[in-house]
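In what follows, a structure is listed as structure tokens, so that the remarks can point back to it.
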Amino acid sequence: MAVIRGSLPAFATSVPVIVIGAGAAGALAALAAREAGAKVLVLDRDSSPAGATGSSSGMIPAAGTRAQQAREIDDTPERFAADIQSKSSGRSAAHLVEAYTRTSAETLNWLESTCGLSFELVDGVPPGHGVPRMHALAERGGTSLLSALYRALAARGVRLQPSSRVTDLYVDADQRVRGVRVQRGREAIDIGCSALVVATNGFAGNVELVSRHLPDVRALPFAGHEGSQGDALLWGGELGAAIEDIDGFQAHSSVVMPQRLQLPWALMSEGAIQVNRQGERFGNEHEGYSESALFVLAQPDGIAFNIYDERIHEVGLGMPNYPEAVTKGLIKRGTTLRDLADALGIERGGLEQTIALVNALALDEDMDEFGRTFRAAQMILGPYYGVQVTGALLGTEGGLAIDARGRVLRPDQSVLPNLLAAGGAARGISGDAGGGYLEGNGLLAAVVGGYLAGRTAAELAY
């Protein structure tokens, strides 16, 4: 990965806007730029593009949407922003939080009215959110979201080239990106551009960068997208861009390995609990799933078990990824707690004692030693369900500093002429620690950040 300065090559072809990366951020940037009148080329390193979005829940948080209004749910960008800042203890980038929450409903409404997508409001309130604000397509999951976005790209004549790894950027004396070098098999092609959007994800898949910047989480298994190699970080460093929130990360404490399947943490809000192999709880499951991953890793063998009942199981069937876990036989069922304990390899007595204590707390609507309050309507009653999970690293929150329009910034806050970043390539909105990640922050930054960066790229193109 390099930034090449000096004389420019004879570009084989040129296009006003190039987008690197075809996850949600790149797809939204391409759609927005095309809708604003620019011709766009999307380049992705994978033969079957998916990005981090492909393994995500596909649920996008937004405030003040048509779907919320139809359900008479009172939500505002200000309330949404307050929830984000509360989770990160006020350490999230205020200008990005304001821009993303303010534009979230506009982006989803635009995807519906202009691109033909149709979002439903997902039932339930994930931990940290004040009201229901997760939106998803009827066919849940990140792959379904990407498929819909790719259909919209094709309908608008946006060219998406898979198996096209961008290795180098060509930059002139004014720090303006003039083109890219693309490796396609054994062939290297130089393509010129007027504006470049980097949507290459973060650096969670780069062992050396994780060890350098996030030593506390390097023991977590990686369950994100393999393309998260820090390309944007490396290019940005050479261009003199500012890097922010480098200590921030997104982990998940309910991942089935080796399938890398992320199970919905929202089931904890419905009454599910986590235990270790001794059947003991070890934390407050109503905290965020990112910071809880390290607590899971600290358990014997680095594993935990999600435990719940049939009522919660039925809720899970309507959530992303959970039905896949059921189909693959990962979810175990027991008529009694002993049956479930034996199926999962948990100590029988420990699990029975824990469920008895949880139900006693629920009956009294009392708080436990970890600060979680249980509700009578959420007692865990048979038949019982459970699944073995672990904590895993999904992504990083540190990235290129950007303004509210997606333009990459230098340390003095001046703007690089025509370089934009979105999604994991850019600074996130969870602050500089794992505990700041609020469920949905990643797709919010990808979808809305991509939308804003794409519109800006079209303005810069000529």
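Within region 132-148, which residues are in a loop (DSSP other than H, G, I, E, B) and not basic (Lys, Arg)?
If the condition is that a residue be in a loop (DSSP other than H, G, I, E, B) and not basic (Lys, Arg), then 132, 138, 139, 141 are the ones that fit.
Among residues belonging to region 92-131 that are of a type in the set (A, V, I, L, M, F, W, C) and part of a helix (DSSP H, G or I), point out the one that is surrounded by the fewest Cβ atoms within 10 Å (Cβ to Cβ).
Filtering first and then ranking leaves 94.
Does residue 113 meet the test of being of a type in the set (S, T, N, Q) and more than 29 Å from residue 227 (Cβ to Cβ)?
Considered against the rule, which asks whether it is of a type in the set (S, T, N, Q) and more than 29 Å from residue 227 (Cβ to Cβ), residue 113 comes out as yes.
I want to confirm something. Restricting to region 445-462 and keeping residues that are of a type in the set (A, V, I, L, M) and surrounded by fewer than 24 Cβ atoms within 10 Å (Cβ to Cβ), which single residue is modelled with the lowest pLDDT?
461
Among the numbered criteria (1) small (Gly, Ala, Ser); (2) within 19 Å of residue 425 (Cα to Cα); (3) without any contact (Cβ under 8 Å) to a residue 60 or more places away in the chain, which one does residue 204 miss?
With (1) small (Gly, Ala, Ser); (2) within 19 Å of residue 425 (Cα to Cα); (3) without any contact (Cβ under 8 Å) to a residue 60 or more places away in the chain applied to residue 204, the lone miss is (3).
Residues that are at pLDDT 95 or above and within 18 Å of residue 285 (Cα to Cα): list the helices (runs of 4 or more DSSP H) wholly contained in region 310-374 that include at least 1 such residues.
310-316, 348-363
Output the residues belonging to region 316-332 that are exposed (fewer than 15 other Cβ atoms within 10 Å of the Cβ) and in contact (Cβ under 8 Å) with a residue 12 or more places away in the chain.
318, 328
So how many residues does region 48-73 have that are not in a helix (DSSP H, G or I) and not acidic (Asp, Glu)?
16
Which is surrounded by fewer than 24 Cβ atoms within 10 Å (Cβ to Cβ) and on the phi > 0 side of the Ramachandran plot, of 7, 89, 48, 14?
Residue meeting the stated conditions: 89.
Using the structure shown, decide if residue 259 is within 30 Å of residue 318 (Cα to Cα), touching a helix residue (DSSP H, G or I) at 6+ places or on another chain (Cβ under 9 Å), surrounded by fewer than 17 Cβ atoms within 10 Å (Cβ to Cβ) and not aromatic (Phe, Trp, Tyr).
Criteria met by residue 259.
Given 33, 29, 22, which one is touching a strand residue (DSSP E or B) at 6+ places or on another chain (Cβ under 6 Å), in a helix (DSSP H, G or I), touching a residue at least 40 places away in the same chain (Cβ under 8 Å) and within 23 Å of residue 205 (Cβ to Cβ)?
After ruling out the rest, the residue left standing is 29.
Please determine, by comparing only the residues of region 213-229 that are within 13 Å of residue 201 (Cα to Cα) and in contact (Cβ under 8 Å) with a residue 40 or more places away in the chain, which one is surrounded by the fewest Cβ atoms within 10 Å (Cβ to Cβ).
227
Taking only pairs six or more apart or across chains, which ones have beta-carbon atoms under 6 Å, a first residue in region 428-453 that is assigned by TED's automatic domain parsing to the domain that holds residue 27, and a second residue that is in a helix (DSSP H, G or I) and acidic (Asp, Glu)?
From residues that are assigned by TED's automatic domain parsing to the domain that holds residue 27, the pairs are 434/291; 435/291.
For region 1-12, name all the residues that are part of a strand (DSSP E or B) and either over 29 Å from residue 36 (Cα atoms) or modelled with pLDDT of 95 or more (or both).
The answer is 2, 4, 5.
Testing residue 301 on (1) in contact (Cβ under 8 Å) with a residue 24 or more places away in the chain; (2) at negative phi; (3) charged (D, E, K, R), one condition comes back false. Which one is that?
It is condition (2) that residue 301 fails.
Suppose we keep only residues that are small (Gly, Ala, Ser) and in contact (Cβ under 8 Å) with a residue 40 or more places away in the chain within region 395-422. Which one would you say is surrounded by the most Cβ atoms within 10 Å (Cβ to Cβ)?
Out of the qualifying residues, it is 422.
Listed residues 269, 292; which is farther than 25 Å from residue 398 by Cα, assigned by TED's automatic domain parsing to the domain that holds residue 355, buried (at least 19 other Cβ atoms within 10 Å of the Cβ) and at pLDDT below 95?
Only one candidate passes the filter, namely 269.
Of all residues in region 303-315, which are in contact with a strand residue (DSSP E or B) (Cβ under 8 Å, 6 or more places away or on another chain) and surrounded by fewer than 16 Cβ atoms within 10 Å (Cβ to Cβ)?
310
The values are calculated or read from the model by the stated rules, or taken from the named source; none is laboratory data. These numbers were taken from a predicted model, which means no experiment stands behind them. Positions of Cβ are backbone-derived with ideal geometry, glycine not excepted, and every protein chain shown enters the neighbour counts.
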